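What follows is a short report on a single structure.
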Amino acid sequence: MRLPARRSARREPATQLAYPESPMPTPALADITASQAVLQLGPLVALGLLYGRRARTLANTPRAVPRWRVACFYAGIVVIAAALSSLGVKSEELLYAHMIEHLLLGDIAALLLVLGLTGPLIAPVLRIGFFNGLRVLTHPLIAFPLWAIDIYVWHLPFLYEAALNHSALHALQHAMFLGLGVNMWMCLFGPLPMPSWFGNLAKLLYIVAVRLTGTILGNVFLWSGTVIYPFYRTGDARFHIAPLADQSLAGAIMMIEESFLTLGLFCWLFLKAARESEERQDLLDLASATGLELSDERAARAVAAGRGAELRRRLEAGAAAERR
């Protein structure tokens, strides 16, 4: 990221509240109005209704959506609505508040939405040619660069401030943070099949790469000795916070969120690896006890794809057939 040139070699004290006198700027076009709230929150309502309709269709079938996934999906919608509406004026006038909004959209809400998805649930969408073609974007070697480029490009000063002043561009920014955030999480938690090489070790490296990318950006805000976005000077003055303090706080919030999320992901991956190892061994023991042939590779693929229970039923059915 290219930062604005420093005006002096001396860092601005965090407690300094004196700013150059300038006329009050006109309100940013990105300020949320009633019509914009409908425009941004309306699709969420439609998405929730479509999800609920499909989940009800699958209810009472072997492909029913687990309740915890339904809860995650609707929690994601609530987080999006809260991020777009509950932070109010502060999200437009203070960088740290706007950072919270973006983290809620691009990280937390996106993760919750992905956790709410299953293969049968999104099957009708994938039958549409356009959306089926988008599956290529969920490949780990494509999803990660897209997500990284997205967050860095949108934080370039000229583009970031343009989004603050133009509501259409601001809406596009939010949509891309959310959409590419969902795409990034699909590699770890989504129902779409991943490449065979994308096992637990590759997932660990993927998590490290994602979190390191966000941490670098957070450090830019935390340690930069110059104000990156002059747009917030007026809001900083209104809320009695120094611009560099606001900027540093935004970076600190980003890094704290990254740290907790990374810890949670590491715990999830450790538990997942332990569970898969145990399930794979149980399948191999069952095959051995019933005299059926099962390779370690096949058992590992079934468990990694979440089809361990299905393979177990096949083994049990095969054993029953042989006894007859």
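The values are calculated or read from the model by the stated rules, or taken from the named source; none is laboratory data. Note that this is a predicted model, so its numbers are computed, not measured. With ideal geometry, Cβ positions are generated from the backbone for all residues, glycine too; neighbour counts draw on all protein chains shown.
What's the total number of residues in segment 228-256 that are over 21 Å from Trp154 (Cβ atoms) and hydroxyl-bearing (Ser, Thr, Tyr)?
1
In this structure, does Leu192 turn out to be surrounded by fewer than 16 Cβ atoms within 10 Å (Cβ to Cβ), within 18 Å of the chain's Cα centre (by Cα) and not in a helix (DSSP H, G or I)?
Here the answer is yes, as Leu192 does meet what is asked.
Mind checking which pairs have a first residue in segment 103-131 that is crowded, with 19+ Cβ neighbours inside 10 Å and a second that is in a helix (DSSP H, G or I) and small (Gly, Ala, Ser), Cβ under 6 Å, 6 or more apart or different chains?
Hits for this filter: Leu104/Ala83; Leu105/Ala83; Gly106/Gly181; Ala109/Gly76; Ala110/Gly181; Leu112/Ala75; Leu112/Gly76; Leu113/Gly76.
Among Glu258, Glu276, which is the only one that is in contact with a Ser or Thr (Cβ under 6 Å, 6 or more places away or on another chain), among the charged types (D, E, K, R) and either part of a helix (DSSP H, G or I) or touching a residue at least 60 places away in the same chain (Cβ under 8 Å) (or both)?
Glu258
Determine, yes or no, whether Trp185 is out of contact with any Ser or Thr (no Cβ under 9 Å at 6 or more places or on another chain), part of a helix (DSSP H, G or I), at pLDDT 95 or above and within 15 Å of Tyr206 (Cβ to Cβ).
Answer is yes for this residue.
Where in segment 96-163 are there helices (runs of 4 or more DSSP H), lying wholly inside it, with at least 3 residues that are of a type outside the set (S, T, N, Q) and within 30 Å of Val220 (Cβ to Cβ)?
Filter on segment 96-163 gives 110-115, 140-154.
In this structure, does Leu315 turn out to be touching a Lys or Arg at 6+ places or on another chain (Cβ under 7 Å), assigned to a helix (DSSP H, G or I), over 30 Å from Ile100 (Cβ atoms) and not β-branched (Val, Ile, Thr)?
No: the conditions fail for Leu315.
Give the number of residues within segment 279-296 that are touching a helix residue (DSSP H, G or I) at 6+ places or on another chain (Cβ under 6 Å) and outside any helix (DSSP H, G or I).
Residues meeting the conditions: 2.
Determine which single condition Phe198 fails, assuming it passes every other condition in (1) more than 25 Å from Ile216 (Cα to Cα); (2) in contact with a Pro (Cβ under 7 Å, 6 or more places away or on another chain).
(1)
Determine the pairs where a residue that is without any contact (Cβ under 8 Å) to a residue 60 or more places away in the chain and within 25 Å of Leu192 (Cα to Cα), located within segment 300-321, has a partner that is crowded, with 16+ Cβ neighbours inside 10 Å and among the charged types (D, E, K, R) with Cβ atoms under 7 Å apart, the partner being 6 or more residues away or on another chain.
Once the first residue is without any contact (Cβ under 8 Å) to a residue 60 or more places away in the chain and within 25 Å of Leu192 (Cα to Cα) and sits in segment 300-321, its partners that are crowded, with 16+ Cβ neighbours inside 10 Å and among the charged types (D, E, K, R) give Ala300/Arg280; Val303/Glu276; Val303/Glu279; Val303/Arg280; Gly308/Glu279.
I'm checking my understanding of the structure. Among residues of segment 276-324 that are more than 21 Å from Pro191 (Cα to Cα) and of a type in the set (S, T, N, Q), which one is surrounded by the most Cβ atoms within 10 Å (Cβ to Cβ)?
Thr290
For segment 52-70, which positions are touching a residue at least 24 places away in the same chain (Cβ under 8 Å) and aliphatic (A, V, I, L, M)?
Ala55, Leu58, Val65, Val70
Kindly list the number of the only condition in (1) of a type in the set (A, V, I, L, M, F, W, C); (2) at pLDDT 80 or above; (3) surrounded by 11 or more Cβ atoms within 10 Å (Cβ to Cβ) that fails for Leu271.
For Leu271, the exception is condition (3).
Quick one: count up the residues across segment 132-166 that are of a type outside the set (Ser, Thr, Tyr) and within 19 Å of the chain's Cα centre (by Cα).
20
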